[in-house]
Amino acid sequence: MRRILHHLRRNRTYSHHERWGVFAAMLILTVAVTAGSYLMFGRPAISAASVSVESVNIERDAIPADGQTTTRAIIKLSDEETGEPAAGVWTGLIVANPDLRSPGFTYNGWYSLEPGRAFYQTNENGEVVFQLASTIAGSIEYQIFAANPETKNDNKYQELATSFWITFN
């Protein structure tokens, strides 16, 4: 213990090999902690900041506004840095015009066909499927958002700068 405390004392002159020894010990400790973290927790999840919309495929872009008829929107997300599919990203939609939000298909301001649920995770191909319906007629713009449930509310949601339109008659 005395040998370790000797390195922590101030106003001590160190020989050349002692300084490099401390530096090497700290480097080994840093590498061990980093490797251990990677082995225990794996690759970090993709953050919303590095995700972009690769494509939006809409089954039908004009349907009746009866609340029963639905159309599918398949949204594919990819990692901007690697170009690989962004798997496991929470994705949600919001109707841009609040006047066109159907009360039965809204959850805390977000589009939701299922009661109490607005966000869905992308699969291993980076795809998420939304069933879209409305009881209000009009041309509705859906904006795509990514969410990170681990962050605070002010940084939780990020607009992915992509939207699409569905016409409800």
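Miscellaneous remarks
- Residue under evaluation Pro149, criteria (1) more than 26 Å from Ile63 (Cβ to Cβ); (2) touching a residue at least 60 places away in the same chain (Cβ under 8 Å), criterion not met: (2)
- Evaluation of Gln158 against the conditions (1) touching a strand residue (DSSP E or B) at 6+ places or on another chain (Cβ under 6 Å); (2) open to solvent by less than 30 Å² (accessible area, probe 1.4 Å) shows that the sole unmet condition is (2).
- When Gly126, Gly116 are screened for being touching a residue at least 60 places away in the same chain (Cβ under 8 Å) and either more than 22 Å from Ala65 (Cβ to Cβ) or open to solvent by 10 Å² or more (accessible area, probe 1.4 Å) (or both), only Gly126 passes.
The values are calculated or read from the model by the stated rules, or taken from the named source; none is laboratory data. These figures come from a predicted structure and were not determined experimentally. Note: ideal-geometry Cβ built from the backbone for every residue, glycine included; neighbour counts use all protein chains shown. For accessibility, only protein heavy atoms count, side chains too; no ligands or nucleic acids. Shrake-Rupley method; radii C 1.70, N 1.55, O 1.52, S 1.80 Å.
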